[in-house]
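Novice: Okay, here's the structure, questions in a sec.
The values are calculated or read from the model by the stated rules, or taken from the named source; none is laboratory data. Just so it is clear, the structure is predicted and the values come from calculations on it, not from any experiment. Note: ideal-geometry Cβ built from the backbone for every residue, glycine included; neighbour counts use all protein chains shown. To get the accessible areas, we keep the full protein, side chains included, count just its heavy atoms, and leave off ligands, DNA and RNA. Shrake-Rupley method; radii C 1.70, N 1.55, O 1.52, S 1.80 Å.
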Amino acid sequence: MPDEAYWATFFDPEAMLDRLLPDDGRAGDVVEFGCGYGSFTLPAARRVSGIVTALDIEPQMVVIVARKAEAGRVGNIRVAMRDFVAAGSGLADASQSHAMIYNLLHLEEPVALLREARRVLGEGGSLSVVHWRSDIATPRGPSLAIRPSPEQCRTWMAQAGFERIADVDLQDCSPYHFGLLGRM
Ligand SMILES: C[S@@+](CC[C@H](N)C(=O)[O-])C[C@H]1O[C@@H](n2cnc3c(N)ncnc32)[C@H](O)[C@@H]1O
């Protein structure tokens, strides 16, 4: 991850989450795969009635997010150090109302991760995906060679069992990213 202040210049998480988190996704627990600095974790937690489980493999990220939650007096975040590729999320089947996978789907086995997201989502659950655009040069992000397009992400989401996959227009709040929203 680049420096946190630099990372924060690339998007407006508040405006993005206004569009990415549907009303029914806010009425329960939410899981965020790969929370990083928590750029989206705290804004998400302020929008949902349940717990936001924020998972990351990097101990440093877990500490940063825990400190931010404490400093911001946001009590509904559970942050955990976990390799969800190797060990899954550890969450119960059908226990979440929404899942967030942001800037992560260039990882090696995207469909396996999307299936894990689907497993933990309950009836009517939804998944939001954000990634760096692959059709333009961007100041950061993984190499263009491994960046998935929106079409590729849609295909993977469908393979994992998501339906009614819609584009989420993020142009005015994150010009370097695209967003998708899928439902069970
Ligand atoms: C590019 S960052 C994106 C962070 C955040 N989602 C955002 O958009 O600001 C990806 C994060 O996923 C985490 N990550 C990558 N692979 C992981 C794994 N197998 N298990 C848990 N976390 C992982 C990394 O440590 C990193 O913090």
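Novice: Considering only protein heavy atoms, what per residue accessible area in square angstrom results for region 40-184 with a 1.4 angstrom probe?
Specialist: Working: 6820 Å² over 145 residues.
Roughly 47 Å² per residue, with all protein chains present.
Novice: How large, in percent, is the carbon and sulfur part of the accessible surface of region 4-183 at a probe radius of 1.4 Å?
Specialist: Answer for region 4-183 is 50 percent, counting heavy atoms of protein chains only.
Novice: Highest GNM mean-square fluctuation, the chain, Cα pairs closer than 10 Å: which of A27, A94, A71?
Specialist: A71
Novice: So if R0 is 30 Å, what FRET efficiency would I136 and R115 give, r being the distance between their Cβ atoms, rounded to the nearest 0.05?
Specialist: The value I calculate is 0.50.
Novice: For D24 and A71, compute 0.36 nm times the residue count separating them, minus their Cα-Cα distance, and round to one decimal in nm.
Specialist: Result: 14.1 nm gained on full extension.
Novice: Return the single residue from A86, A112, A15 with maximal mean-square fluctuation; model: Gaussian network over the chain, springs between Cα atoms under 10 Å.
Specialist: Looking only at A86, A112, A15, the largest GNM fluctuation is found for A86.
Novice: Also, quick follow-up: Taking amide hydrogens as modeled 1.01 Å from N in the peptide plane, which residues meet the under 5 Å criterion relative to H177, leaving out close sequence neighbours?
Specialist: Sorted by chain and number, the residues that satisfy this are R133.
Novice: Right, something else. Write down the percent of antiparallel bridges among all DSSP beta bridges whose residues are both part of the chain, to the nearest 5.
Specialist: 35
Novice: Here's another thing I want to ask about it. Given q = 0.15 Å⁻¹, what are the Debye log10 I(q)/I(0) values for region 94-182, with equal point scatterers placed on the Cα positions and solvent ignored?
Specialist: -0.52
Novice: Return the equivalent ellipsoid semi-axes of the chain as a descending list in whole Å, where each equals the square root of 5 times an eigenvalue of the C-alpha gyration tensor.
Specialist: Value: 21, 20, 16 Å, ordered largest first.
Novice: Long-range amide H contacts for G124: which residues qualify at under 5 Å (H placed 1.01 Å from N, peptide plane, sequence gap of 5 or more or a different chain)?
Specialist: The list, which skips near neighbours in sequence, is M184.
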